[in-house]
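Scroll down for the structure; my scribbles are underneath it.
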Amino acid sequence: MNSDDWDSWNCFDGLKETLTGCEWYQFYDCLETVGEMLREIEPAYKADNDVSELLGGPSSYEQFGFAHYCSAVNQLFAKHNIGWRLNAKGELETALPKDLAARIADAEARLIDEFQPARIHYNKARAYILGTAKDPENSIKESISAVESVCRVLYPKASTLGKALAHMKNEGVFPSKLLTVLERFYEYSNDEPGIRHGGRYTPSVQVLDAEFALHICTAFIRYVIETKKVTPDKLV
């Protein structure tokens, strides 16, 4: 496909030929690139009255926007049972059941303001295990770091997650046995080679281990933030 064709409304045939003849990974790269470009240029197009009028007004423009593109791509994936989805950032990630995907997105939405450092860890954990380049060890590390960051905001006197969990047990707001589960998971992340510390042995962490870790940490982040909201008088 010639570069001159990109500025033409008649480029469909050339684009179709390019996509049907490319390698499979190039097709997925193209999907991400188009999504990235749409997200970048969309604000400018929305603010340009001439473009808006050309496309039929704001309501008609939506069919050319990123949200519509993302929805169409994901519908295509679902139709053909492809295990990927395009997320809100225009990046491919592992497709998840609808309810679980909603909970993961909800946990991210809660990580704002003072929880912004935790949000950075959480997004890395998600990208490492749901993205196209899987890295289960780093995903688990970032998942537990996100939890640790949240807990240290809520319990500023605690310098580690272990100490924060001890504060939480003494506080009496959270069931002790639930906190023990997270303590054991924290111990696992510290002891398993290649997660939080280097080791002499090859890491044995699997993708399913990291997915499990992300789900645990997602649930805990949502749980602890919401629980503390209704018990502000018991902050430690």
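Coordinate-derived values only; no laboratory data. Everything numeric in this text was worked out from a predicted model, so none of it was measured. Every residue, glycine among them, receives a Cβ derived from its backbone with ideal geometry; neighbour counts consider all protein chains shown.
Sort 158-167, 19-28, 183-192 for me by packing, meaning the mean count of neighbouring Cβ atoms within 10 Å per residue, highest on top. Can you show the working numbers first?
Details: 158-167: 17.3, 19-28: 11.0, 183-192: 15.6.
Result, highest mean Cβ count within 10 Å first: 158-167, 183-192, 19-28.
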Item to check | Over segment 96-236, relative contact order from alpha-carbon pairs under 8 Å, at least 6 apart, % | outcome: 28
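Arranged from highest to lowest average of other beta-carbon atoms within 10 Å per residue, in what order do the peptides 131-141, 88-98 appear? Write out the running numbers ahead of the final one.
Numbers: 131-141: 19.1, 88-98: 15.2.
Packing proxy ranking, top to bottom: 131-141, 88-98.
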Checklist entry - Separation between the ALA88 and LYS163 pseudo-spin-labels, each 7 Å from Cα along Cα→Cβ, expressed in nm? => result 3.4
Checklist entry - How much length is gained on full extension from ALA102 to GLN26, taking 0.36 nm per residue of separation minus their Cα-Cα distance? => result 24.5 nm
Checklist entry - For segment 96-236, what is one quarter of the convex hull surface built on the Cα atoms, given in nm²? => result 8.6
Item to check | Integer Hz, Karplus 6.51/-1.76/1.60 couplings in order for segment 180-185, x for Gly and Pro | outcome: 4, 4, 5, 4, 5, 5
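Excluding GLN75 itself, calculate the net charge of residues whose Cβ lies under 14 Å from the Cβ of GLN75, where each Lys or Arg counts +1 and each Asp or Glu counts -1.
Working: positive: LYS79, ARG85, LYS98; negative: none.
In short, +3.
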Checklist outcome for this item: Once the dipole of segment 92-140 is set up from charges on Cβ (+1 Lys and Arg, -1 Asp and Glu), the residue from the list ALA127, PRO97, ALA107 lying farthest towards its positive end is PRO97
Checklist entry - For ASN190 and LEU15 in the same chain, what is the full-extension length gain: residue separation times 0.36 nm, less their Cα-Cα distance, in nm? => result 58.0 nm
Next on the checklist: Give me the one-decimal nm value for the distance between modelled label points at ALA219 and LEU178, 7 Å along each residue's Cα-to-Cβ direction.
Outcome noted: 1.0
Checklist entry - Using alpha-carbon positions, what is the distance between the centroids of segment 127-143 and segment 99-121, in Å? => result 16
Checklist entry - From the residues ASN170, VAL224, LEU214, which one has its Cα farthest along the dipole of segment 96-236 in the positive direction, the dipole being from +1 and -1 charges on Cβ of Lys/Arg and Asp/Glu about the Cα centre? => result ASN170
Checklist entry - Pairs LYS16/LYS134; LYS89/LYS177; LYS98/LYS141; LYS163/LYS229: which are spaced more than 27 Å apart, C-alpha to C-alpha? => result LYS16/LYS134; LYS89/LYS177
